[in-house]
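Visitor: Let me give you the structure first, and then I'll get to my questions.
Just so it is clear, none of the values below were taken in a lab; they were calculated from the coordinates. All values reported here derive from a predicted model rather than from experimental measurement. Here Cβ is always computed from backbone atoms with ideal geometry, including for glycine, and neighbour counts include all displayed protein chains.
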């Protein structure tokens, strides 16, 4: 071959290497995803939790392996911009119009960012424009015409979405499912009004539940439908039928764990979900389906697009200043940006690596509807002129190892980005007493839900919790997150002549994971009536016995069922756990 042919072969080989790396990543992703059905049938919830962590790690694993292969094959050409522009063009032409091609291009960009240590976006070697959207029509659906008989229709749906384990009472569940639809649509006329049911051709597994996701086609339009299934002692049961965007939006919330689902096209599935949940940002839908890197890419695109269309400045986020993080937001956009200080303010004793590991722990864990999904951006660039001088000065003074200036851009070596919620300590001051009491009680339930999923929040101050737009209390400060099973819980010792507790000259050792729940009372800085309500409902949180029992059950392998919906039943059938 001539020198030119050698060059083109090298370009093609590099493009193929990246494509092969993506295919291997995606194949392993789908292999883990496919295990979810067996996990559900066997009620192997611990195995599913292990799969969440394993799947999260896959992308970095295969991106690293692909860069290593390229480095060994290309040698000195690895960092040649002109060469990579040709590789991009070669790659793009060969994946164009392929289902989920956007995923492949995102993977390609990830490789270039590792090769060049890219800050912001490098348009010379990256795919910058979003790929053409795939239509919903490319998504394989199962369609069920309704011949004026919802009971028979629902029975056919359950039959088609059956498992190796039998339904406990399929006929009764089908009737209840039909009655729930009738009730929502206004009565017996629903059988004639419903033209057909349509469901995505895959189960959606999350936690201890499997879901069917679809829509009802009616005479006057469409409505969403999600059917929740649980694997009970008796067999598979229909646990809930959700028929409003509000209910279903919680099931696909940014505080929920990632789904295990294998639709024919992930992009088309996201388009379908966006169609039935129009208020959901598309980046969150990618993320909740487990495609974290694509969700991150879409979030960045939306942020850049929003910045180009607005003029407001970044400001400090509402709430008290953090001891570990500087937190800022764009008032017109629903995100917050968290930048780690170089030196943590007292009394914090944690390290930078500890904080990074805590955030990594959360990304691999069951979110239980109580942890906000957080994305870690490296070398994030934001326009300098959208920051006040005071905020820029604080960022450069408090975090000079993380924050720099490159021309007209602020460069953030590390930034954690998450959805903005209203801090709980502010929220309770802004609402009436009844609402304040409701969220304080939910604050206690939030701590307990986290404990049941083996998460000890660490710092329980109200300022570290927030209220979502749906009114749910969530936790968002992960600086000191620990596993309950890694902690030791003790009662405070009683002072006596041999152990003068209040004598400051007395030396005693307390480890970083030794917890005294009776001290939690100092976190309850709230009006007396709220504190009283909290203690009446959740006073057990202040006892070592409560936490030791949670730890015992977690170590024994018990898995809590925390579902993202309220079970509503049509008489005479009721479902209880």
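Visitor: Label-point separation (nm) for residue 6 and residue 537, each offset 7 Å from Cα along Cα-to-Cβ?
Guide: About 7.4 nm separates the two model spin labels.
Visitor: Moving to a separate point now. What are the extents of the Cα atoms of segment 305-421 along their three principal axes, in Å, largest first?
Guide: Computed over segment 305-421, the largest-to-smallest principal extents equal 37, 30, 26 Å.
Visitor: Using label points projected 7 Å from each Cα along Cα→Cβ, tell me how many nm separate residue 54 and residue 143, to one decimal.
Guide: 3.8
Visitor: Convex hull volume of the Cα atoms in the chain, per residue, in Å³?
Guide: Roughly 195 Å³ of hull volume per residue.
Visitor: Subtract the Cα-Cα distance of residue 552 and residue 351 from 0.36 nm times their separation in residues, and report this length gain in nm to one decimal.
Guide: Stretched fully, the residue 552-residue 351 segment lengthens by 69.5 nm.
Visitor: Shifting gears a bit: For segment 3-132, rounded, prolate or oblate, judged on the Cα gyration tensor with a ≥ b ≥ c (square roots of eigenvalues), a/c < 1.5 rounded, else prolate if a/b > b/c?
Guide: Because a/c hits 1.5 or more and a/b exceeds b/c, segment 3-132 counts as prolate.
Visitor: With N set to the number of residues, divide the alpha-carbon radius of gyration of segment 424-555 by 2.2 N^0.38 Å and report two decimals.
Guide: 1.15
Visitor: Return a whole-number percent for the relative contact order of segment 258-365, with Cα pairs under 8 Å and 6 or more residues apart as the contact set.
Guide: It rounds to 14 percent for segment 258-365.
Visitor: Take every DSSP beta bridge whose two residues both sit in the chain, then give the antiparallel share in percent to the nearest 5.
Guide: 90
Visitor: Which order do the peptides 94-102, 418-426 take when ranked by the mean count of other beta-carbon atoms within 10 Å per residue, highest first?
Guide: Put in order of decreasing packing, that is 418-426, 94-102.
Visitor: Could you state the number of Å between the C-alpha centres of segment 401-437 and segment 342-386?
Guide: If we compute the Cα centre of each part, the gap is 12 Å.
Visitor: Follow-up. What's the ranking of 337-349, 467-479 by average number of surrounding C-beta atoms within 10 Å, highest first?
Guide: 467-479, 337-349
Visitor: Taking a point 7 angstrom from the Cα of residue 513 along the C-beta vector, which residues in segment 473-495 have backbone N less than 16 Å away?
Guide: 480-490
Visitor: If you build the Cα gyration tensor of segment 63-117 and take the root of 5 times each eigenvalue, what three semi-axes come out, in whole angstrom, biggest first?
Guide: 20, 13, 9
Visitor: Calculated FRET efficiency, residue 430 and residue 529, Cβ-Cβ r, R0 22 Å, to nearest 0.05?
Guide: 0.85
Visitor: If you restrict to DSSP beta bridges whose two residues both lie in segment 305-421, what percentage is antiparallel, to the nearest 5?
Guide: Taking every DSSP beta bridge within segment 305-421, about 95 percent pair in antiparallel fashion.
Visitor: Output the peptides 240-252, 7-19 sorted from most to least packed, where packing is the average of other Cβ atoms within 10 Å over each peptide's residues.
Guide: 240-252, 7-19
Visitor: For segment 32-85, compute the orientation-averaged projected area of the C-alpha convex hull (one quarter of its surface), in nm².
Guide: Convex hull of Cα atoms, orientation-averaged projection: 5.0 nm².
Visitor: Any chance you could list P(r) for segment 138-290, counting all Cα-Cα pairs in 5 angstrom bins from zero, rounded to whole %?
Guide: P(r) for segment 138-290, in whole percents per bin: 2, 9, 19, 24, 20, 15, 9, 2, 0.
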